[in-house]
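Colleague: Shown below is the structure under consideration.
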Amino acid sequence: MPLRFTWDARKAEANLRVVAHVERGNVIRRAEYDFSGGVRGKYASRFPEGTTLVLLAPDVAAAFPTADEVNRALRTVMQARTKPRTA
């Protein structure tokens, strides 16, 4: 089922106001979003250079619980797509 989008000029105008507000630095931050004690890149070393992280749907994650299984399945799909089709 294809996604359908409708244009809403009122919402677009509201979004532009929010973007302008943020660009001026007038951002109100909630107390529960206080990252002042955070450490940038704390977990970055866990992932080798060039790693792409993706969020899997729960049913897909259950079917392919390890990175090796996900990669094997995706490589199979890639091979199937690159094979020439015969009539």
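The values are calculated or read from the model by the stated rules, or taken from the named source; none is laboratory data. Only a predicted model underlies this, so the values are computations on that prediction, with no experimental measurement involved. Backbone-built Cβ (ideal geometry, glycine too); neighbour counts: all protein chains shown.
Colleague: Has the range 27-35 got at least one residue that is under 30 Å from LEU74 (Cβ atoms), in a loop (DSSP other than H, G, I, E, B), of a type outside the set (S, T, N, Q) and modelled with pLDDT of 75 or more?
Modeller: no
Colleague: Output the qualifying pairs, or none if there are none: Cβ atoms under 6 angstrom, residues six or more apart or on different chains, first residue in the range 54-77 and touching a residue at least 12 places away in the same chain (Cβ under 8 Å), second residue surrounded by 10 or more Cβ atoms within 10 Å (Cβ to Cβ).
Modeller: Cβ pairs passing all conditions: VAL70/PHE64.
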